[in-house]
Structure formats: structure tokens, C-alpha cells
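Colleague: So that we are looking at the same thing, I have put the structure below in C-alpha cells.
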2 protein chains.
Amino acid sequence: MIKGTEQKIKDAALTVFIQKGFANCTSREIAREAGMNVALVNYYFRSKSKLFAIIFESVMQDFLKSMVQVFQSNLPFREKIRLLIEREFEFLSQNPEIPNFVLNELSRNPKSIENLLPVLHMVTESGVFDEAKKLQSQGDMRPMDLVQVTLLIMSNCQYPFMAAPLMKVIHGIDETDYKNHLTVHKTHAVTMVLGYLFPNDHSSNHA
Amino acid sequence: MIKGTEQKIKDAALTVFIQKGFANCTSREIAREAGMNVALVNYYFRSKSKLFAIIFESVMQDFLKSMVQVFQSNLPFREKIRLLIEREFEFLSQNPEIPNFVLNELSRNPKSIENLLPVLHMVTESGVFDEAKKLQSQGDMRPMDLVQVTLLIMSNCQYPFMAAPLMKVIHGIDETDYKNHLTVHKTHAVTMVLGYLFPNDHSSNHA
DNA sequence: TTAGGTTTTAAACAATTGTTTAATTGTGTT
DNA sequence: AACACAATTAAACAATTGTTTAAAACCTAA
């Protein structure tokens, strides 16, 4: 299939923005990556900032919608968490720079998330939070604030990908080695998080 | 005490670099923060890059030396881990932007860590890794690669601070609320990680 | 074919960047 | 006081930035 000019620019922008961040790249760099003139980028997207906003929002939408999809499934809560973690590892294996990209932008410009509030509400409205609270009141899940639950899950999924350069140099290993460690790490993350959230269920507490 | 010009520049650079990153700030911004002329910054540090390198290395040294200090103590291994996590939370409470700062720079310029290899070796030479391996062979610690152990610890310490802007917007809470969640989260991190690393020791497995 | 429009380009714009120059101020020594 | 040297500044430099302009190339329909 042939890609139109607009899509070519979006693809190039995604590549460059994610790799170098907003401030650390130039309009001309994006144009070059897309194989065209600088002016044409602005002809389609008015400005570097507007182009960035579009890319950022599309990345966030993909990310959040994948989460919501898991939450809306009719799996038991415990399996939702497991699936969420496994999916996250899969996704991040192919897009390891996305967490950094998102967090950087949010700290650079906290308002950038405003247009995404509707998508964010889909998470709340999916009912996962209520589901968790119910399990907690039944004693089937460790009682703790859901902010902590979110943190436990995302910490153990996202950080290992974000910290790749640091880990490689600390342990003196290369890219391939580290990727192998990451696939192993997925099972640890699943076992540990589930084991902590559901301390009464010993079916998969110990590897 | 009176601060000399050179130190004033370093302080200003630390503030600005950490807050905005290398690419997203200007030499003039640093000079203004230090209350002086742009040329004076270069008079003392030759260039923006050289100044950044100095700041980066000093931040990393503080960070790593604090780790080594824990490792060199004569606490039992389990307590070293606990102390490490607690110290990390303390440190990050007052310097929450440092992980982002470090990881960004490492991905922007992987060579920036080269001058720090000697300090990095202090971690290896502290003997923690051997200590862990010994405990594992004795069956006192869950058998797993030490890369994974490092990851488990750092994920659950650093990510919660890095993801503050994202978490605040996902759960619709403000800075104060989130800080409270972070202090609670420390106990979860300690309990979960220790419980996972030492599954046979039930003394503090369940909160 | 040609007229009217869209798409693409080269060139220019003003603003900002990191860095340097040359002059000014300050400080301490003789 | 006069000199020498360090510290500080204002001004300028060339390069790069995001953005705009005006012309060229392309397309489509009559």
C-alpha cells in the first residue's frame, strides 16, 4: 500500500519524537526522515508543536485503549492483572521508549494530557477499580489503596524497559543479554505482583 | 557562608538541568538562575556540554556512593536490601526528578557514563553480589539472576517518583495526596520485594 | 490544451542558540 | 598610587531554529 504524504510525516515524527524527544530534535530532522522539505511538514501540520501534540495523543490513545480492552474483558480480576502485565511486556518489547516519551512530555507540559481526559475516564468507567474494591472487602485481595496497586503493576512493567541503558552498564551486559533478562523478568513481575496482591491464593505464589 | 561564583553556577545548573533537561534549557537560563552574565558561565566551564557533564557526574556519584555505603555496612543481606529501599525512598522524596534526569542522559548519550566506571565498580567490589549468590546457594534466597534482583528493587523505588505526573492525572489527585501515597508505598515496596526475594522467611511477608 | 486548484520546493525571515571578543571593573601586591 | 592579573560584563559572532513567502511542479477536469 502507498502511504500519503500526511501519513509519511506522522510516521517520521513518531520515530524522531520518540527517539529524541520534543526539544532535542528539529523540524528539518523530521522532514528529512520523511524524505521531503521542511515547509511541507508545516503545510500539513502548521507547527512543530501541533504535530507533536497529535503524535503524543495518538500514542497515549493506543496505550490507554489497550489497557481498557483488558479491563472490559470478562476474565476474573486476578487474570485481568496477569494479562495486563503480560500484554504490557509484549507492547514494551516493541516500543521500549514510550514510557520515557510519555513521562517526559507530562513533566515538560502537564497540560498536554487535557485532551485525553475522555480516554482516561474509560479506564475509570471500565469498573476495574470497583471490582478490586469488592475483592478487597471480601478478603480475597490485600487491602490497599488502588493508587498503590496501579503503581505496583506499572513500576514492574515499565521501569525495566526505561532503565535498559543504566542496567546494561551496571551489569556490563549488551542489548541481547538484557532482552533475555527482560523476558525472564516478566514471569517474576507476574508472580511477585499477583502473590502480593492476593496473599491468600497460593496457587502461583511460589515459582 | 558565602558561595563563590563557580559554586553558584553549579547550583544553578543543577536546578535547571534537572528541571528541564539538557536540550530543553539554554545557557542564558542557567546564567540568569545564577544571577550573572552568560559569558561568565563559559568563562568557568568552557561550554554548556562540559558544564552538563560535570553536573551529571556529580549527581551520579552521590547516587552510587549512597548505594555503596549501604552495601559496605555489616548488616545482614536482607537488612541491606531493606535499608537500600528505605534510603532510596528518602532520597527520591527530596530529589524526585533525578531518575528521569539520569535515564534521559544515558539514552541521549550512552558515553556519558564512561567517566563513572570506577564508581560503578565500587558496587561490584562491595561484595553484595557474592553475598546474594551465597544466600541463594544456601536456599535462603529465591534463586534468580542478580539483574532481576536489581530490577525489582529499582523499579519499585524509582518508578513511583518518575510517574508522579501520570499517576496524579490517572487518579485525579494533587501533589499533596500523591506524596502521602508515596510514603505508604514505601512499606508496600519493602514488604513485597523482601517477601519475594526471601519466600521462606515469613517474619515480614504479610503486612 | 489549458485553466484552476493543490502539492511541493527553494529561499528568506526573524528569533534564539552556544560561543567568543574586547572592553570594564575589581582586587591584591609592590 | 600604579601595576598586573582575575573576574565580570556588554556586544557581537556565526550557526541553527521554527516559520513564512513566493514561485515552481503537479494534477485534474473542462
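The values are calculated or read from the model by the stated rules, or taken from the named source; none is laboratory data. Computed from a predicted structure; not experimentally measured. Methodologically, a virtual Cβ is constructed for each residue, glycine included, from the backbone with ideal geometry; neighbour enumeration extends over all protein chains shown. Ligands, DNA and RNA are excluded from the accessible area calculation, which covers all protein heavy atoms including side chains. Shrake-Rupley method; radii C 1.70, N 1.55, O 1.52, S 1.80 Å.
Colleague: With a 1.4 Å probe and all protein chains left in place, how much of the accessible area of the stretch B:1-46 comes from carbon and sulfur atoms, in whole percent?
Modeller: About 47 percent, which is the carbon plus sulfur part of the accessible surface.
Colleague: Need the per-residue list for the stretch A:6-22: every residue with at least 40 Å² less accessible surface in the complex of protein chains than in the chain by itself, probe 1.4 Å, sorted by number.
Modeller: none
Colleague: Taking the alpha-carbon set of the protein assembly as shown, what are its Rg and Dmax in Å?
Modeller: 22.5, 69
Colleague: Considering every residue in B:100-108, what mean count of other chain Cβ atoms within 10 Å of its Cβ is obtained?
Modeller: That average works out to 5.
Colleague: Accessible area, 1.4 Å probe, largest first: how do B:Leu135, A:Leu14 sort?
Modeller: Final ranking, largest accessible area leading: A:Leu14, B:Leu135.
Colleague: Using a Cα-Cα cut-off of under 25 Å, which lysines could be cross-linked to B:Lys133, ignoring same-chain neighbours fewer than 8 residues away?
Modeller: A:Lys168, A:Lys179, A:Lys186, B:Lys65, B:Lys80
Colleague: What average number of partner chain Cβ atoms lie no more than 10 Å from the Cβ of the residues making up A:87-97?
Modeller: On the way: counts 0, 0, 0, 0, 0, 0, 0, 0, 0, 1, 1.
Whole-number average of other-chain Cβ neighbours for A:87-97 is 0.
Colleague: Exposed loop trypsin sites (Lys or Arg not before Pro) only (DSSP loop, at most 15 other Cβ atoms within 10 Å): please give the longest stretch of chain B free of them, not including the sites.
Modeller: Details: sites that count: B:Lys3, B:Arg46.
Free of exposed loop sites, the longest segment is B:47-207.
Colleague: Quick check on the stretch B:1-46: what are the equivalent-ellipsoid semi-axes from the Cα gyration tensor, as sqrt(5λ), descending, whole Å?
Modeller: Details: eigenvalues 55, 30, 14 Å².
The equivalent ellipsoid of the stretch B:1-46 has semi-axes of 17, 12, 8 Å.
Colleague: Rounded to the nearest percent, how much of the accessible area of the stretch A:56-197 (1.4 Å probe, protein heavy atoms only) is carbon and sulfur?
Modeller: Whole-percent figure for carbon plus sulfur exposure: 51.
Colleague: May I ask you to list the residues of the stretch B:115-155 whose amide nitrogen lies under 15 Å from a point 7 Å from Cα along the Cα→beta-carbon direction of B:Gln72?
Modeller: Hits in the stretch B:115-155 for B:Gln72 at 15 Å: B:118-128.
Colleague: Once each part is reduced to its C-alpha centroid, what is the distance from the stretch B:86-154 to the stretch A:45-108 in angstrom?
Modeller: 27 Å
Colleague: Probe of 1.4 angstrom, ligands and nucleic acids ignored: what's the accessible area per residue over chain B, in square angstrom?
Modeller: 49 Å²
Colleague: Return the value, in Å² to the nearest 100, of accessible area buried between chains A and B (probe 1.4 Å, both sides summed).
Modeller: Summed over both sides, the interface buries about 4700 Å².
Colleague: Let me ask something else about it. Over the Cα atoms of chain A, what Rg and Dmax result, in angstrom?
Modeller: Taking only Cα atoms of chain A, I get Rg and Dmax of 19.8, 62 Å.
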